[in-house]
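Peer 1: Have a look at this one.
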Amino acid sequence: MKRLKFALVSITALGVAIAAFVAFDYQQFLNTPVDVAEDGLVFEVRSGSSLTAVSNDLSNAGVIDNPTFFRLHAQLNDKSGSIQAGEYLILPSMSPRDVLEQFTSGDVRLYAFTIIEGWNRWELLAALAADPNLEATLSDEDWPAFLETLASESSNPEGLFLPETYHFPRNTSDRDLLRDAYRAMQKTLSEEWERRSPDAAVTTPYEALILASIIEKETARVDERARISGVFTRRLNKRMRLQTDPTVIYGLEPGFNGNITRRDLRTDTPYNTYRRGGLPPTPIAMPGQAAINAALNPAEGTELFFVATGLGDGSHKFSDTKEEHDEAVREYLVRLRKGSGT
């Protein structure tokens, strides 16, 4: 009898010792950093993957050394069915506990896409299609139907998407990214419209986008935007034609070869502001917030003309009269010829 009691006690003690060892090993597993490179590991949880499949994939990739403990931790915390599909960046500072939290919170790896100030709709579509992390679904013919889903009043996409950097998980649709960019533009335009100057020549937010897009294409210099806006505002108020090359070029897109000619200036399109008065029918590019602000807050002055200086810094020379402007154009042409060695 004594021997039986001793055996039972020994077995119990052994069981307790084993349980204590397993518990220690389990806690050590949960708190030990995972085995990945210094710059981390991109790990994809495929759609429909089970907890067992995910834990085994982690083990096969060398990230964890005990998939059983990983599954146990998920089950004990009622997270075995909460793992979300996606691409994750696992960092060397993370523990298996952190990895499970990342997988169940959906903290997926994000990529960046930047809409550049001054891009037109064709450049935007090309950039979206070229991004390997986006799902390209849009073509130029799809714009009207897509804009209708955004409740846009325009069927032309030009100027409707705010130049900004957007972050998204891999395989996001180009349409989803553009929805965010459209909402960002609507918010920015509304805020800038509320802060507009009484001197602004535009009468609607959409006209502000049109003028801002022209300013965006005319200059990248911060110190010139409001001044150029002032020139266009005065020309509009005086019913003078805007006579701006970027609108002419846009009217020739997407087949423009990069060299504007006198024939181009004489070619009548809705965007040829040498032949037609007022603003063109749509924006000609994606204007940034600074250009929108300039369009709605023109600088005071008397200047009615401007031309590039040719100094290589993107600057322009502004003039009050046609005679002064013609002289500035001659100076620019002389500089251009000297620069080309002719």
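Listed here are the residues, each with its yes/no results for (1) closer than 15 Å to residue 227 by Cβ; (2) surrounded by 18 or more Cβ atoms within 10 Å (Cβ to Cβ).
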residue: 289; (1), (2): no, yes
residue: 293; (1), (2): yes, yes
residue: 298; (1), (2): yes, yes
residue: 302; (1), (2): yes, no
residue: 309; (1), (2): yes, no
residue: 318; (1), (2): yes, yes
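Peer 1: Counting just the residues of the stretch 175-205 that are touching a Pro at 6+ places or on another chain (Cβ under 8 Å) and assigned to a helix (DSSP H, G or I), which one comes out surrounded by the most Cβ atoms within 10 Å (Cβ to Cβ)?
Peer 2: 189
Yes/no per residue for (1) in contact with a strand residue (DSSP E or B) (Cβ under 6 Å, 6 or more places away or on another chain); (2) among the small types (Gly, Ala, Ser); (3) within 19 Å of residue 284 (Cα to Cα):
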{"position": "104", "(1), (2), (3)": "no, no, no"}
{"position": "116", "(1), (2), (3)": "no, no, yes"}
{"position": "119", "(1), (2), (3)": "no, no, yes"}
{"position": "126", "(1), (2), (3)": "no, yes, yes"}
{"position": "129", "(1), (2), (3)": "no, yes, no"}
{"position": "135", "(1), (2), (3)": "yes, no, no"}
{"position": "141", "(1), (2), (3)": "no, no, yes"}
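Peer 1: Let me ask something additional. Under 7 Å between Cβ atoms, which residue pairs at least 6 apart in sequence (or on different chains) link something in the stretch 113-131 that is assigned to a loop (DSSP other than H, G, I, E, B) with a partner that is basic (Lys, Arg)?
Peer 2: 118/217
Peer 1: Another question, then. Which residues, counting only those in the stretch 50-101, are closer than 18 Å to residue 40 by Cα and aromatic (Phe, Trp, Tyr)?
Peer 2: Within the stretch 50-101, 88 is the sole residue that qualifies.
Peer 1: Take the conditions of a type outside the set (Ser, Thr, Tyr), out of contact with any His (no Cβ under 7 Å at 6 or more places or on another chain), touching a residue at least 24 places away in the same chain (Cβ under 8 Å) and closer than 18 Å to residue 157 by Cα and apply them to residue 209. Does it pass?
Peer 2: The answer is yes for residue 209.
Peer 1: Just to be sure, is residue 306 assigned to a strand (DSSP E or B), within 19 Å of residue 214 (Cα to Cα) and touching a Ser or Thr at 6+ places or on another chain (Cβ under 8 Å)?
Peer 2: So residue 306 passes the test.
Peer 1: A further question follows. I'd like to know if the stretch 255-271 contains one or more residues that are outside any helix (DSSP H, G or I), of a type in the set (Gly, Ala, Ser) and at pLDDT below 90.
Peer 2: yes
Peer 1: Restricting attention to the stretch 219-258, report how many residues are in contact (Cβ under 8 Å) with a residue 40 or more places away in the chain and either over 29 Å from residue 312 (Cβ atoms) or under 27 Å from the mean Cα position of the chain (by Cα) (or both).
Peer 2: Matching residues across the stretch 219-258 total 15.
Peer 1: Working only within the stretch 218-247, note down all residues that are acidic (Asp, Glu) and assigned to a helix (DSSP H, G or I).
Peer 2: Once the filter is applied, which keeps residues that are acidic (Asp, Glu) and assigned to a helix (DSSP H, G or I), the stretch 218-247 yields 218, 245.
Peer 1: Among 295, 299, 285, which is the only one that is assigned to a helix (DSSP H, G or I) and of a type in the set (Gly, Ala, Ser)?
Peer 2: Matching residue, one of 295, 299, 285: 295.
Peer 1: Moving on. Only one of 129, 145 is more than 15 Å from the chain's Cα centre (by Cα), of a type outside the set (D, E, K, R) and within 14 Å of residue 178 (Cβ to Cβ); which?
Peer 2: 145
Peer 1: Among the numbered criteria (1) under 30 Å from residue 160 (Cα atoms); (2) buried (at least 18 other Cβ atoms within 10 Å of the Cβ), which single criterion is violated by residue 277?
Peer 2: Residue 277 satisfies every listed condition except (2).
The values are calculated or read from the model by the stated rules, or taken from the named source; none is laboratory data. Quick caveat, the model's predicted, so the values are computed rather than measured. Neighbour counts are summed over all protein chains in view; Cβ atoms, including those assigned to glycine, are modelled from backbone coordinates with ideal geometry.
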